[in-house]
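Can you keep this structure in mind? I'll have questions shortly.
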Amino acid sequence: MLATIPSAALNGIDAELVFVEVNAGEAGEPKLILVGLPDAAVKESDDRVFSALSNSGFRPPRTRTTINLAPGHLRKEGPFYDLPIALGILAATEQLKADSLSDWLIAGELSLSGATRPVRGALAMARLARKLGKRGLLLPPVSAQEAANVEGVTVHAVPSLDAAVRFLTGERPLPPVVAERHNRNTVSFASAGDFSEVKGQHALRRAIEVAVAGGHNVMMIGPPGAGKSMIAKRVPGIMPAPTIDEELEIVSIHSAAGRTLSGELSWGTRPFRSPHHTISDVGLLGGGAIPGPGEISLAHHGVLFLDELPEFKRSALEVLRQPLEDGTVTISRSAGKITLPCAFMLVAAMNPCPCGYLGDTRRECRCSPTQIQRYRSRISGPLLDRIDIHVDAPALTLTELRSSQPGEDSATIRNRVESARARQHERYHGTKTVANARMTHAQIAKHCAIDPALGDLLQRAMEQLNLSARAYDRVLKVARTIADLAGSDRIESPHLLEAIQYRSLDRALFF
């Protein structure tokens with residue numbers, strides 16, 4: 001007898017429909033044949049499924065059984081198909097009526113005892129089920145709780161194979177899973193640390209506030225112990241809470257990567273990713289035999305912190321250029337091509353020289369001019385042009401270190417950032433732009449217009465600092481953000497001068 005069970009396969013952060021076709025009762029030696037481009041984890045499902053069937057009180061097939069995962073051109077990976085294969089075998093051997101199976105989208109890993117284990121990509125499956133008009137989803141409890149956050153689709157949690165069978169036969173009803181909605185007014189920022197713990201560095205704190213207010217990329221340059229990493233880790237604490245749509249995008253990416261299953265991401269928080277400088281191009285950009293999200297996509301709507309920027313491989317840094325510009329990354333592999341979102345805020349940190357003490361008044365630099373030039377040249381000019389703000393992070397004085405007076409806290413800074421973001425939301429309402437850093441050329445011309453005197457000032461700065469045309473646009477974007485923080489509708493001279501100041505370090509230090 002033939003039975004067909006709808007399931008899904010992940011393609012990036014989206015899900016595609018897969019039919020699990022089971023044909024039992026074939027003549028020949030009793031064995032199970034699995035086809036349809038399965039990977040090693042899928043091929044091992046027969047042992048798990050047979051044990052789960054036996055330990056759940058069902059009869060495994062005693063004849064030749066063929067299982068096809070269609071469509072055949074789509075590569076299948078992971079233990080998604082244990083539960084639908086088991087239910088398909090039961091339907092094909094007439095131990096379960098197959099009438100209602102086509103109404104559900106089913107996925108789940110099975111243990112040898114028949115209990116279900118969670119699978120990644122539950123949000124993507126829920127969106128697919130809603131798109132296809134399915135009656136609902138049957139998923140393991142943890143995955144079901146995640147999928148329930150997608151509105152317009154019914155999700156049932158099946159803790160075991162036996163529970164799934166009893167639900168489908170009507171013997172044991174299962175109530176739909178209700179999403180655990182958090183109160184957006186009580187989102188905690190405590191995990192990010194507080195800016196009140198940061199001593200000194202007033203100019204650096206101001207630059208970070210400007211960067212967050214406009215969604216700008218920022219690079220901090222200073223000696224070891226200046227507080228660069230400490231400040232970077234506190235950046236999510238002054239970012240506005242993500243909107244509901246942003247939350248779903250964030251969790252969808254982390255769900256596809258399997259990170260929500262281990263509780264690495266909480267609802268209502270922005271991601272903070274800090275990969276080690278030994279990371280590969282694929283680890284940073286994404287990819288693999290079956291393309292999946294990398295660190296830049298896992299940082300979507302959050303922060304990507306690259307400490308010791310020159311220590312990263314040149315190739316890994318250069319792959320950031322297009323994602324920084326577009327907010328998306330396209331990955332092509334033999335298994336297919338996917339486009340992933342990666343609209344992150346880049347926070348980078350580096351020393352001024354290999355030893356880190358160039359310009360320090362208390363410690364002598366041991367680096368030769370050649371070593372310094374080689375160190376700085378690891379970061380290309382085109383990449384620097386895509387980092388809006390370059391700011392100095394000087395060594396702290398003993399007076400600043402001994403000071404017991406706390407600095408301005410994150411909540412106060414976040415209030416100013418949210419006010420500036422509110423002005424930007426109103427300005428770009430009805431467009432895809434969400435912050436000043438993402439302005440198009442047309443929007444720059446409209447919203448960053450300056451009078452002739454300021455235009456002459458900017459021209460002189462461009463000539464003296466030898467800035468590129470891309471840097472010209474970024475200066476205007478940063479000036480627009482500074483004006484928003486000041487509550488000004490127009491870019492004034494102080495706003496433009498401060499924005500120019502944030503571009504002075506790239507040419508002075510690197511060329």
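Using a 10 Å cut-off on Cβ atoms, rank the peptides 197-210, 56-69 from the highest mean neighbour count down.
197-210, 56-69
Okay, next question. Normalised by the residues of the chain, what does the relative contact order come to in percent, with Cα pairs under 8 Å and at least six apart?
Over the chain, the number comes to 13 percent.
In nm, what is the difference between 0.36 nm times the number of residues separating LYS337 and GLN95 and their Cα-Cα distance?
83.1 nm
Just list whichever of LYS233/LYS477; LYS313/LYS446; LYS76/LYS134; LYS337/LYS432; LYS31/LYS337 have alpha carbons separated by over 31 Å in the model shown.
LYS313/LYS446; LYS31/LYS337
Using R₀ = 56 Å, calculate the FRET efficiency as 1/(1 + (r/R₀)^6) where r is the Cβ-Cβ separation of ARG314 and THR154; round to 0.05.
0.65
Now for a separate question. Using +1 at the Cβ of each Lys and Arg and -1 at the Cβ of each Asp and Glu in the stretch 104-237, identify which of GLY136, PRO223, PRO236 lies farthest towards the dipole's positive end.
The residue sitting most towards the positive pole is PRO223.
If I take all pairs of Cα atoms in the stretch 310-396, what percentage of them are more than 20 Å from each other? Don't skip to the answer; put the middle values down first.
Values: 1835 of 3741 pairs.
Tail of P(r) above 20 Å: 49 percent of Cα pairs.
Shifting gears a bit: Which percent of Cα pairs goes in each bin when the distances of the chain are cut into 10 angstrom slices starting at zero?
4, 17, 24, 20, 14, 11, 7, 3, 0
Restricting to Cα atoms and excluding each atom paired with itself, what does the Kirkwood estimate give for the stretch 1-80 in Å?
13.4 Å
Also, I was wondering about something else. State to the nearest 20 debye the size of the charge dipole of the chain about its Cα centre, where the only charges are +1 on K and R beta carbons and -1 on D and E beta carbons. Mind dumping the intermediate values first?
Details: 58 positive and 55 negative charges, 101 e Å.
That gives the chain a dipole magnitude of about 480 debye.
Another question, then. Considering only the chain, what is the antiparallel percent among its DSSP beta bridges, to the nearest 5?
For the chain, the DSSP antiparallel bridge percentage is about 50.
When we measure straight from the Cα of LYS228, which lysines land under 20 angstrom away, once same-chain ones fewer than 8 places off are left out?
Counting by Cα, and skipping residues close in sequence, LYS228 has these lysines nearby: LYS199.
Here is a further query. Using a Förster distance of 35 angstrom, determine the FRET efficiency expected from the C-beta separation of VAL178 and ASP39, and round it to 0.05.
0.55
Evaluate 2.2 N^0.38 Å with N set to the residue count of the stretch 336-471, then give the Cα radius of gyration divided by it.
1.42
Ignoring any ligand, DNA or RNA, what whole percent of the accessible area of the chain comes from carbon and sulfur when the probe is 1.4 angstrom? Don't skip to the end; give the middle numbers.
Numbers: 11230 of 22200 Å².
Summing carbon and sulfur atoms, their accessible area is 51 percent of the total for the chain.
What Rg and what Dmax come out for the stretch 26-173 when only alpha-carbon atoms are used, in angstroms?
Every Cα atom of the stretch 26-173 included, Rg and Dmax give 14.7, 47 Å.
What are the equivalent ellipsoid semi-axes of the stretch 422-511, built from the alpha-carbon gyration tensor (square roots of five times its eigenvalues), in whole angstrom, biggest first?
Taking √(5λ) for each Cα gyration eigenvalue gives 23, 14, 12 Å.
Another question, if that's okay. Roughly how far apart, in whole Å, are the Cα centres of the stretch 281-332 and the stretch 240-254?
So the two Cα centres are separated by 19 Å.
Among SER252, HIS300, SER315, pick out the residue whose Cα is farthest towards the positive end of the charge dipole of the stretch 242-369, where Lys and Arg carry +1 and Asp and Glu carry -1 on C-beta, about the Cα centre.
SER315
Let me ask something additional. What FRET efficiency comes out for ALA469 versus ILE279 if R0 is 45 angstrom and r is the Cβ-Cβ distance? Round to the nearest 0.05.
0.90
With n ≥ 4 as the cut-off for DSSP H runs, can you work out [θ] at 222 nm for the chain, using -39500 (n - 2.57) per run divided by the number of residues, rounded to the nearest 500?
-10500 deg cm²/dmol
If you don't mind, another one. How do the peptides 416-425, 364-373, 393-402, 3-12 rank, highest first, by the average count of neighbouring beta carbon atoms within 10 Å per residue?
The packing order, highest mean first, is 3-12, 416-425, 393-402, 364-373.
Continuing with this model, one more query. What is the gain in length, in nm to one decimal, between SER51 and GLN405 on full extension, counting 0.36 nm per residue of separation less the C-alpha to C-alpha distance?
Once the chain is fully extended between SER51 and GLN405, it gains 121.0 nm.
Report the label-to-label distance for ARG321 and ARG64 in nanometres (one decimal), using points 7 Å from each Cα along the Cα→Cβ vector.
5.7 nm
The values are calculated or read from the model by the stated rules, or taken from the named source; none is laboratory data. None of the values given here were measured: they were computed from a predicted structure. Glycine also receives a Cβ, built like all others from the backbone with ideal geometry; neighbour counts cover every protein chain displayed. Ligands, DNA and RNA are stripped out before the accessible areas are found, and what is left, the full protein with its side chains, is counted by its heavy atoms. Shrake-Rupley method; radii C 1.70, N 1.55, O 1.52, S 1.80 Å.
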